[in-house]
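First comes the structure, then the notes that go with it.
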Amino acid sequence: MNQTPKYEHIPRATIQRLATYLQVLEAMDKDGVQVISSEPLSRACDVNASQVRKDLAYFGEFGVRGVGYYVSYLLEVIKACLNANREWRAALVGVGNMGRALLNYQEFRRHGFTIVGAFDCDPFKIGEKIYGLEVFCTKTLVEKVPELGIEIGIITVPPERAQRAATQLVDAGIKGILNYSAARISVPDHVFVEYVNFFHQIYSLTFNISTKQR
């Protein structure tokens, strides 16, 4: 099977769909499904079969003509494509309600993402232990990031503090940030930011409900 990757011009939407394929294939593998064709895989992922084949073709040819895809093999291939076959160590900045919930979110670790450092600027929180992690002052990020082998920053601070948190993470050498705050942040071009904004999905949901009822 040819696994020569073609990474030059992979659309962002393809990467997002790969994450969906990964989630669906994990469930299939857990249920003991060994082989799947593009048609049932596409239905489970809510895309068309040609789109599945096109997305996977960016990374190589993995199907067997007349058979389909071997689930466990394709699962490992997609994990490798997404670099999800290794541990990623993360720092969480902001241990309010959202931050505490994420610190206790076991799915992070199950998918290879381990929060190894919790940070806050509130003196009443610094030194507190939350789910086994001591809360450090955000001013110590520069020393703690290399010490703990941190590669990803997760921001869960109020919107007005998001930019400061992002700047501190960048100054500490972080190249990837997952931003749960409602604020847009500015970072250098070499730093990647993903926004998690529940209102985007809620507005899409209310729009679809409203248009369906017209």
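Summary table
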{"read-out": "Residue in segment 193-210 that is at pLDDT below 95, over 29 Å from Leu22 (Cα atoms) and part of a helix (DSSP H, G or I) present", "value": "yes"}
{"read-out": "When residues of segment 159-189 are limited to those that are assigned to a helix (DSSP H, G or I) and among the basic types (Lys, Arg), the one surrounded by the most Cβ atoms within 10 Å (Cβ to Cβ)", "value": "Arg161"}
{"read-out": "Only one of Thr156, Thr138, Thr206 that is closer than 30 Å to Ala13 by Cα, surrounded by 15 or more Cβ atoms within 10 Å (Cβ to Cβ) and of a type in the set (Val, Ile, Thr)", "value": "Thr156"}
{"read-out": "Single residue of segment 86-112 satisfying the filter (more than 17 Å from Ile174 (Cβ to Cβ) and either touching a residue at least 40 places away in the same chain (Cβ under 8 Å) or of a type in the set (S, T, N, Q) (or both)) that is surrounded by the most Cβ atoms within 10 Å (Cβ to Cβ)", "value": "Val95"}
{"read-out": "Residue count, segment 113-145 (criterion: in contact with a helix residue (DSSP H, G or I) (Cβ under 9 Å, 6 or more places away or on another chain), β-branched (Val, Ile, Thr) and in contact (Cβ under 8 Å) with a residue 40 or more places away in the chain)", "value": "2"}
{"read-out": "Search result, residues across segment 39-56 that are within 15 Å of Ala13 (Cβ to Cβ) and within 21 Å of the chain's Cα centre (by Cα)", "value": "Cys45, Asp46, Val47, Val52, Asp55, Leu56"}
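The values are calculated or read from the model by the stated rules, or taken from the named source; none is laboratory data. Note that this is a predicted model, so its numbers are computed, not measured. Heads up, the Cβs are rebuilt from the backbone with ideal geometry, glycines too, and the neighbour counts pull from every protein chain shown.
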